[in-house]
Amino acid sequence: MSAAAAPATPTRFREPIVPKPAAPPKRRPGTDPTALAELRNAGATYDFLRRKGDPAQFWEMLRLARCRRTIIAPPEGDAPAPAPEVEASIVHELDSIRRQMGPLARDLRRYLENIPGLPEPSDRFEMALAFLLVSAREQQAVTRWLAEPGKHESKAAEKLRSLAAITDPYREALQPWTLQASTVAAASPETVEVTFSEIEVPPPPTPPPPPLDPNVELLGRALGCGEVLRSIHLDGELWEMVLVAATKPGTTRAVLEQLSKDLDGDFKEQARADGLAIEALYEAASDLRGMYGEWVRSFRAFVADRGLAPADPRAFDVGLGLMLCAPAAQDRLSAWLEEPATWQEEALGLLGPWMRRAQDYLATLK
């Protein structure tokens, strides 16, 4: 595999598994139906894993729910045990979440140990913590808290209290289910004192010489930039990276070129430049997520429901990112966003050829 390609993922675990959801329950005041459904699914998965002896934490379950890798909770009663392939998908995604986010969560728990005024009781605190850790924007705030001990403790407590207030109507709506929070060990490696703009990121592998097909070179940059964001616990889906690489090539090249430089001379200045390049990348990805994120989630589920998702799930993201740059999709994008359900078949017709090309591009980078 070339230096730019992401590590291969066992496809048997990454097949999109999207059971048809039950009819949504009546909306509760102060809650969003989608968020409430995610919390129900997260709770069902939490209980299932805890019964099996897994030290599951609720923030992990909520991230699983955002990835659609949870047990689908029924409107009433206990959720049935998942099918073996669903359980395997959950376990695989959970391992990935723990590798990427576990150290940050442990450091945060240790940071909060002696801060007064945190939400109580423990299940209310755990729910607030989950809301904190599923937000990419809030993760940036957590990184700053940890980097500057002694400066942000009151702000951290205030943030968790405000999130706890948001979770209260959800906790009420979830009853009779309650989160059985358990003591979580906060032991972790010592926190490195850095600022966001001085985060030292291991440089990604040097990309290969540009191939003949410019889309393969673009994909190499997208994969490399995705690795950079994951290494500092920031969200960045592959379709976002492909779109950034296509629409703002200078941003992705700047990140990869900056992080490939030898660390000599003024280390602080180089670290500052690294951080600025990464911030520009993350902001570009966040802008795209804000514009298209809801539509992409709906469209991904639509493709999966029809059994048309590719064996390598990356091919969907790569094909989607490249398709959205094509004139045919640009001409129809406004209609797709305004009425997603009406035009999903049309979008799928355009996506099919791009997914097949994406599989070829990914194979080229192996």
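For segment 344-360, putting each phi into the Karplus relation 6.51 cos²θ - 1.76 cosθ + 1.60 with θ = phi - 60° gives couplings of 5, 4, 4, 4, 5, x, 6, 6, x, x, 5, 5, 5, 5, 4, 4, 5 Hz, in residue order, rounded to whole numbers and with x for Gly and Pro. Computed from backbone phi, the HN-Hα couplings of segment 327-343 come to x, 4, 6, 4, 5, 10, 4, 4, 5, 4, 6, 6, 9, x, 5, 5, 10 Hz, rounded to whole numbers (Karplus: 6.51 cos²θ - 1.76 cosθ + 1.60, θ = phi - 60°; Gly and Pro given as x). Backbone geometry of segment 293-306 corresponds, through the Karplus equation with coefficients 6.51, -1.76 and 1.60 at θ = phi - 60°, to 3J(HN,Hα) couplings of x, 5, 5, 4, 4, 5, 5, 4, 5, 4, 5, 5, 4, 8 Hz, x marking Gly and Pro. Extension gain for the segment Asp123 to His92, taken as residue separation times 0.36 nm less the Cα-Cα distance, is 8.6 nm to one decimal.
Extension gain for Ala363-Glu294 works out to 21.9 nm (0.36 nm per residue, less the C-alpha to C-alpha distance). Cβ crowding within 10 Å ranks Arg300, Arg109 as Arg109, Arg300, fewest other Cβ atoms first. With both labels modelled 7 Å from their Cα along Cα-to-Cβ, the Arg253 to Glu279 distance reads 2.3 nm.
Maximal additional length on extending the Asp32-Ala157 stretch stands at 42.5 nm, based on 0.36 nm per residue less the C-alpha distance. Sorting Val91, Val242, Val255 by the number of Cβ atoms found within 10 Å of their own Cβ, with the fewest placed first, yields Val91, Val255, Val242. When the alpha carbon coordinates of segment 31-193 are projected onto the principal axes, the ranges are 47, 31, 26 Å, largest first. Counting neighbouring Cβ atoms within 10 Å and putting the fewest first, the residues Arg51, Arg63, Arg106 line up as Arg51, Arg106, Arg63.
In straight-distance terms, cross-link reach from Lys155 covers every one of the aspartates and glutamates whose alpha-carbon lies under 14 Å from its own, apart from those fewer than eight places away in the same chain; here that gives Glu138.
If R0 is 56 Å, what FRET efficiency do you get for Arg272 and Ala341 from their C-beta distance, rounded to 0.05?
With R0 = 56 Å, the Cβ-Cβ based efficiency is 0.75.
The calculated FRET efficiency for the pair Ala81 and Asp331, based on their C-beta separation and a Förster distance of 45 Å, comes to about 0.45. Mean projection of the Cα convex hull over all viewing directions, computed for segment 197-364: 9.9 nm².
The numbers here are math on the coordinates, done by the rules we state, and not lab data. Remember, it's a predicted structure, so these values are computed and weren't measured experimentally. Because the Cβ atoms are built from the backbone with ideal geometry, glycine has one as well, and the counts that use them run over all protein chains shown.
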